[in-house]
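The values are calculated or read from the model by the stated rules, or taken from the named source; none is laboratory data. All figures in this text were calculated on a predicted structure; none of them were measured in a lab. Positions of Cβ are backbone-derived with ideal geometry, glycine not excepted, and every protein chain shown enters the neighbour counts.
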């Protein structure tokens, strides 16, 4: 869902925020964490199926993304997370015009039913469910310069977290169910000719592993993320991508969060990620930075 929430992998819009659905952190009851993250990503090489190539009619495809995020602690074990990104795309060569606008609003419920400390180590289990819906009538059938895929998406994720001292590991897996979309043409070709303006979108499976250092002041982690589209088809030779293409990616990155000792409600986040291998996506490099502020609604 932030991320993801399934963002268009060709755009590389994976964001990592302060408290998200894929980390082992929960907001306390009646606390609101809100802030913004800016991300820049770009690619000039991409995979056409499994064939890696570039395209001088596109040059470098870049993406500027500003995401507004909020996480509210309904209880110490139940959080509600919302996010809304504004995205602008651009190609450095050719005649295709970049797109810009608000993308998909996402809402996620993050629940921690189990947290046990055994022998100095803490084990936590999380169940996470969310939805994302397009907020504007942006054009999905304009990849790789579309800002999204226009598909309503439901996500369920199961996550486990282990922490001993300041060392932690987190492993999660998610299934993303995507609804059909409507495009502005009455026929299109996948592996066969289809006479319809409706496109069936393949579902997605995501596995995420992260590990690193976590304290009340500093989080520094590395992660590996693998996203696999169920079914889908490849970009045909020298053709544009299509919304229902298989879009697979193995991505690695680092993420940091620093909380100011004299102002503990304020934190800064930053990170970098890169696509190592993929199918029908760009080999994206992305860098991001942002801030978050906690508002405490508990009575004194």
Taking segment 26-41 and the residues there that are surrounded by 18 or more Cβ atoms within 10 Å (Cβ to Cβ) and within 17 Å of the chain's Cα centre (by Cα), the one that is farthest from residue 207 (Cα to Cα) would be 35
Scanning segment 187-202 for residues that are part of a strand (DSSP E or B) and in contact with a strand residue (DSSP E or B) (Cβ under 8 Å, 6 or more places away or on another chain), the one nearest to residue 247 (Cα to Cα) turns out to be 199
| message | If I filter segment 143-152 for residues that are buried (at least 17 other Cβ atoms within 10 Å of the Cβ), closer than 30 Å to residue 217 by Cα and either modelled with pLDDT of 95 or more or under 16 Å from the mean Cα position of the chain (by Cα) (or both), do I get at least one hit? | response | no
- Task: Please tell me if residue 54 is surrounded by fewer than 19 Cβ atoms within 10 Å (Cβ to Cβ), touching a strand residue (DSSP E or B) at 6+ places or on another chain (Cβ under 8 Å) and at pLDDT below 95.
- Result: yes
* Residue check: is residue 175 part of a strand (DSSP E or B) and more than 19 Å from the chain's Cα centre (by Cα)? -> no
Within the bounds of segment 109-118, is there any residue that is surrounded by 15 or more Cβ atoms within 10 Å (Cβ to Cβ) and farther than 21 Å from residue 207 by Cβ? yes
